[in-house]
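The values are calculated or read from the model by the stated rules, or taken from the named source; none is laboratory data. Note that the coordinates shown come from a computational prediction; the quantities given were computed from them, not determined experimentally. Don't worry about glycine lacking a Cβ; one is built from the backbone with ideal geometry, like all the others, and counts go over all protein chains shown. All accessible areas refer to the heavy atoms of the entire protein, side chains included, with ligands and DNA or RNA removed. Shrake-Rupley method; radii C 1.70, N 1.55, O 1.52, S 1.80 Å.
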Amino acid sequence: MKRIITIQDISCVGRCSLTVALPIISAAGVECAILPTALLSTHTAFDKFTFRDLTDEIQPISDTFSELGIGFDAIYTGYLGSFEQLRLVEKFYDRFGGTFFIDPVMGDYGKLYKGFTQEFADEMAKLCTKADLIMPNLTEASYMLHIPYREEYDEAYIREVLLKLAELGVKRAALTGISFKPDEIGYYMYDSVSGRFSSYFGRRMPESYHGTGDVFASAALGAHMRGLSIDEALKTAVDFTLECIVKTQSDPDRRDYGVSFELALPMLVNRLNRE
Ligand code: PXL
């Protein structure tokens, strides 16, 4: 069985980062090891939250893994909170290697999340050049590229953004949350190694929910590490994220609590276990 290690925070309530990555990657049939970077009471979209930084734990934990000969097939990073954490993640990758996936979690809807800055986006962009696949939304890509965020765009614009990311040195970038028609949403990827674009769209639901980026990335990585091609894995992630949102519709008061991915897990399991 493949072993992924995911490096991101753990938010006790509010289904995102580790509380989403662990169950989804496990359901995909891939071992999910964790390296928690911070402990929060909830994610930062709640009015009030506690935050305990765990940066100091990263190096001793990594050293101990090395001493024990523990290795990983892939590294997946999500929400990271400081320049120091970016540096430690790079060091971790240089030491352990494997397939490197980055979800450069920094913002959404044209705005950075609380505490993030342009300088952080610049450092994140540098780290992204080391990855095999990055999965930014258009907000994150715009900050990394120093271009204005656009709410309306066409396919030519999205290709231009992807080519700019490739110029930065990014090997493969899948833009998430891309929508050319009001009733469709999905991903658009450019692979600079093969020079190929690919995309896939599913039904767009009227509401958007917190944590869907983490759900998407976890499902994509889980599916890819389970053996699906990157294209097939991203397609699976689009369908799974839609299923999560559909299941959440019956619980409309729970917007900030993330999506009801638990009810969509059977779909992911069935899809990855079809012969
Ligand atoms: O879902 C991304 C995310 C992860 N972790 C924390 C967050 C957010 C988004 O706001 O606040 C702590």
Original post:
Would you say G227 is closer than 26 Å to F72 by Cβ, free of Cβ contacts under 8 Å to residues at least 60 places away in the same chain and not polar (S, T, N, Q)?
Top reply: yes
**OP:** Give the residue, chosen from V89, V105, that is open to solvent by less than 20 Å² (accessible area, probe 1.4 Å), closer than 30 Å to G227 by Cβ and in a loop (DSSP other than H, G, I, E, B).
**Re:** V105
**OP:** Could you list all residues from segment 24-41 that are within 13 Å of the ligand (Cβ to nearest atom) and open to solvent by 20 Å² or more (accessible area, probe 1.4 Å)?
**Re:** P36, L39, S41
Original post:
How about segment 201-225: which of its residues are within 17 Å of the chain's Cα centre (by Cα) and away from the ligand (no atom under 16 Å from the Cβ)?
Top reply: G222, A223, H224, M225
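Conditions (1) at pLDDT 95 or above; (2) open to solvent by 30 Å² or more (accessible area, probe 1.4 Å); (3) in contact with a Gly (Cβ under 8 Å, 6 or more places away or on another chain), marked per residue:
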position	(1), (2), (3)
A173	yes, no, no
K181	yes, yes, no
Y200	yes, yes, yes
R204	yes, yes, no
G211	no, no, yes
F216	yes, no, no
G222	yes, no, yes
Original post:
Which condition number does V193 fail, the rest of (1) touching an Asp or Glu at 6+ places or on another chain (Cβ under 8 Å); (2) surrounded by fewer than 19 Cβ atoms within 10 Å (Cβ to Cβ); (3) of a type in the set (V, I, T) being met?
Top reply: (1)
**OP:** List every residue pair whose Cβ atoms sit under 6 Å apart, with the two residues 6 or more apart in sequence or on different chains, where the first one lies in segment 101-127 and is closer than 21 Å to M189 by Cα and the second, anywhere, is among the aromatic types (F, W, Y).
**Re:** F101/Y76; V105/Y79; M106/F116; G107/Y113; G110/Y149; A121/Y143
Original post:
Somewhere in segment 122-132, is a residue open to solvent by less than 50 Å² (accessible area, probe 1.4 Å), on the phi > 0 side of the Ramachandran plot and within 16 Å of the ligand (Cβ to nearest atom)?
Top reply: no
Original post:
Within the group S218, S194, S199, S142, which residue is over 30 Å from Y257 (Cα atoms) and of a type in the set (S, T, N, Q)?
Top reply: S194
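Quick grid of which residues meet (1) at pLDDT below 90; (2) closer than 18 Å to E207 by Cα; (3) open to solvent by less than 70 Å² (accessible area, probe 1.4 Å):
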site	(1), (2), (3)
E232	no, no, no
E243	no, yes, yes
V246	no, yes, yes
D251	yes, yes, yes
R255	yes, yes, no
E262	no, no, no
M267	no, no, yes
L272	no, no, yes
Subject >> Count of residues meeting criterion [of a type in the set (D, E, K, R) and open to solvent by less than 40 Å² (accessible area, probe 1.4 Å)] in segment 133-158 >> reply: 1
Original post:
Does segment 42-71 hold any residues that are within 16 Å of the ligand (Cβ to nearest atom) and either in a helix (DSSP H, G or I) or not aromatic (F, W, Y) (or both), and which are they?
Top reply: T42, H43, T44, A45, D47, K48, T50, R52, D53, L54, T55
Original post:
Out of segment 72-85, which residues are within 12 Å of the ligand (Cβ to nearest atom) and either assigned to a helix (DSSP H, G or I) or open to solvent by less than 40 Å² (accessible area, probe 1.4 Å) (or both)?
Top reply: T77, G78, Y79, L80
